[in-house]
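The next block holds one structure in the form of structure tokens; read it before the comments.
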Amino acid sequence: MKYSKIVGLGHHVPDTVITNQYLSNVMDTTDEWITERTGIKERRWINPETDTVANMAAKATRMALERAKLTAEDIDFIVFATITPDYFFPGSGVLLQRELGLDGRIGALDIRNACSGFIYALSVADQFIKTGMYKTILVVGAEIQSTALDITTRGRNTAVIFGDGAGAAIVQPSDNAGILSTHLHSDGKFAEELYVKDPGSSRPHAERQPEQILDTTSFKVVMNGNQVFKHAVVRFMEVINEALTTNKIDKSEINLLVPHQANLRISQYIQEKMGLSDEQVYNNIMKFGNTTAASIPIALSEAWGENKIKDGDIVCLAAFGSGFTWASALIKW
Ligand code: COA
């Protein structure tokens, strides 16, 4: 049986750095509070004049292609994970296809599984590779969260957490290494614990008019931080253990755990529970905040660029987020 192997990784983040100090000037918060509760020191927010989800994704893709020594012409399918598409519809997959100059030639699939989106997308790509349907799949996670944040004291529990960015992976078949397994879960009971309500389709026409809703939080990210935290720490552990058990691999054999960068405290909790060393867990949330579906591919791309992932390594990806959804992937690099 063929494996699906990540042969190239790239990422792109916007130029504008938003520090904790900046946030403390526009809302009632402090660098100390944010650092202690989330580990985040700064994040990147887009310039709406120049940045889109699709063009950030294209920049990440070009980096991944270059590292893989491939060109856009080699891509025969796109799987695009985002919950912040440039348009309500169509999804950003077709916009990325256009940015890459591949109009009309290949299929593009959009995935809306929030922070678990990249692993869901990787899992889809894995199935297409294993069946032989496609040979070179572009898997992307890209998000612009900043434009949906309530940047006032009312929204401070989310405004300080989220950032913008894009990450890309190129996946191809391999005979001897690659994705060992993926594990996908969800529980819609908790859909409203972390969500953006509008522009939802299930409300009467009058309620969907911007003037009715612009001054409410319905276009903004709403999160019950406590609930998210409590579920995240449990589900992260479960889904990582599921991947290890399935493959009969001991946690000590993990060379690098790349958790979704939700919150440094969540990563540290998992690290401690699993007894992993600092070298075995990759975190970059300090620089970029929580970039939802982009966080894992950005982190993977950075880790690979820093030589922290080598051929033969066991790499574990794990995520938890809105839905709730949670997922893991175990990879022999
Ligand atoms: N600055 C200062 N005070 C803040 C604040 C901020 N940015 N955000 C919230 N607070 C205040 C609250 O208003 C509350 O004040 P009160 O006690 O006077 O009512 C107090 O801090 C505690 O709020 P609470 O929400 O209970 O804090 P917390 O310890 O749970 O921390 C989070 C808040 C968001 C950092 C935490 O819940 C968390 O990390 N949750 C998980 C979030 C996450 O990972 N999301 C992404 C999932 S993919």
I need a count of the residues in region 80-98 that are farther than 15 Å from Glu143 by Cβ and either in contact with a strand residue (DSSP E or B) (Cβ under 8 Å, 6 or more places away or on another chain) or not hydrophobic (A, V, I, L, M, F, W, C) (or both). 4
Need pairs with beta-carbon distance below 6 Å; first residue assigned to a helix (DSSP H, G or I) and within region 122-137, second aromatic (Phe, Trp, Tyr) and at pLDDT 95 or above; sequence gap 6+ or separate chains. Phe128/Tyr134
For region 196-216, give me each residue that is surrounded by fewer than 16 Cβ atoms within 10 Å (Cβ to Cβ) and of a type outside the set (D, E, K, R). Pro199, Gly200, Ser201, Ser202, Pro204, His205, Ala206, Gln209, Pro210, Gln212, Leu214, Thr216
So how many residues does region 95-116 have that are of a type outside the set (Asp, Glu) and within 19 Å of the chain's Cα centre (by Cα)? 10
Check every one of the strands (runs of 3 or more DSSP E) wholly within region 228-333 and list those with 1 or more residues that are out of contact with any Leu (no Cβ under 8 Å at 6 or more places or on another chain) and closer than 22 Å to Ala60 by Cβ. 256-259, 314-321
Which one is nearest to the ligand (Cβ to nearest atom) among residues in region 28-87 that are without any contact (Cβ under 8 Å) to a residue 12 or more places away in the chain and of a type in the set (Ser, Thr, Tyr)? Thr30
The lone condition Ser146 fails out of (1) more than 14 Å from the ligand (Cβ to nearest atom); (2) surrounded by fewer than 19 Cβ atoms within 10 Å (Cβ to Cβ); (3) hydroxyl-bearing (Ser, Thr, Tyr) is (2)
Set Ile34, Ile83, Ile78, Ile46: member being more than 18 Å from Ala293 (Cβ to Cβ) and surrounded by 20 or more Cβ atoms within 10 Å (Cβ to Cβ): Ile34
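The values are calculated or read from the model by the stated rules, or taken from the named source; none is laboratory data. A quick note: this is a predicted structure, and the numbers were derived from the prediction, not measured. Cβ sites come from the backbone with ideal geometry, for glycine too, and all protein chains shown count toward neighbours.
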